[in-house]
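Scroll down for the structure; my scribbles are underneath it.
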Amino acid sequence: QVQLVESGGGLVQPGGSLRLSCRASRSIFSFTAMYWYRQAPGKQRELVAGITRGGNTNYTDDVKGRFTISRDNTKNTVQLQMNSLKPEDTAVYYCHGRTPPYGYWGQGPQVTVSS
């Protein structure tokens, strides 16, 4: 059973920073790609950022220039560095690992941006 365990959520003021981490129970090279999604209250889950096995990254327009996805192969972790946070970034953030046809989800830490 593959597990993705996230950490790093919390409460931060607008303009602040948070770093989310997702640790996989197996080598992250076993995943075709790893992603961060988020779901705000009353909204659908949306893709925030992704990183492929080859290291290519992509971001939703809302977070470009503010968020950075990266990975640490030695620790089997994927991180999401979030800077210049806005209240509209408030959501539950989910780590997702994909190895077609399978996909795995973490538990989703809460990120709240509020003064």
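The values are calculated or read from the model by the stated rules, or taken from the named source; none is laboratory data. Fair warning: this is a prediction, and the values are worked out from it, not measured in the lab. Note: ideal-geometry Cβ built from the backbone for every residue, glycine included; neighbour counts use all protein chains shown. Please note that ligands, DNA and RNA were not included when accessible areas were found on the heavy atoms of the full protein model with its side chains. Shrake-Rupley method; radii C 1.70, N 1.55, O 1.52, S 1.80 Å.
Structure notes:
- Against the numbered list (1) more than 29 Å from S27 (Cβ to Cβ); (2) open to solvent by 40 Å² or more (accessible area, probe 1.4 Å), L85 comes up short only at (2).
- Any chance V78 is surrounded by 15 or more Cβ atoms within 10 Å (Cβ to Cβ), modelled with pLDDT of 95 or more, β-branched (V, I, T) and more than 10 Å from the chain's Cα centre (by Cα): no
- Residue pairs whose Cβ atoms lie under 6 Å apart, sitting 6 or more positions apart in sequence or on different chains, and linking a residue in the range 2-24 that is more than 16 Å from S70 (Cβ to Cβ) and touching a residue at least 12 places away in the same chain (Cβ under 8 Å) to a partner that is among the aromatic types (F, W, Y) and open to solvent by 60 Å² or more (accessible area, probe 1.4 Å), do not occur here.
- Selection from the range 54-75 of residues that are touching a Ser or Thr at 6+ places or on another chain (Cβ under 6 Å) and closer than 19 Å to W105 by Cβ: I69
- Positions within the range 34-52 being open to solvent by less than 60 Å² (accessible area, probe 1.4 Å) and either touching a residue at least 40 places away in the same chain (Cβ under 8 Å) or in contact with a helix residue (DSSP H, G or I) (Cβ under 6 Å, 6 or more places away or on another chain) (or both), in sequence order: M34, Y35, W36, Y37, R38, A40, V48
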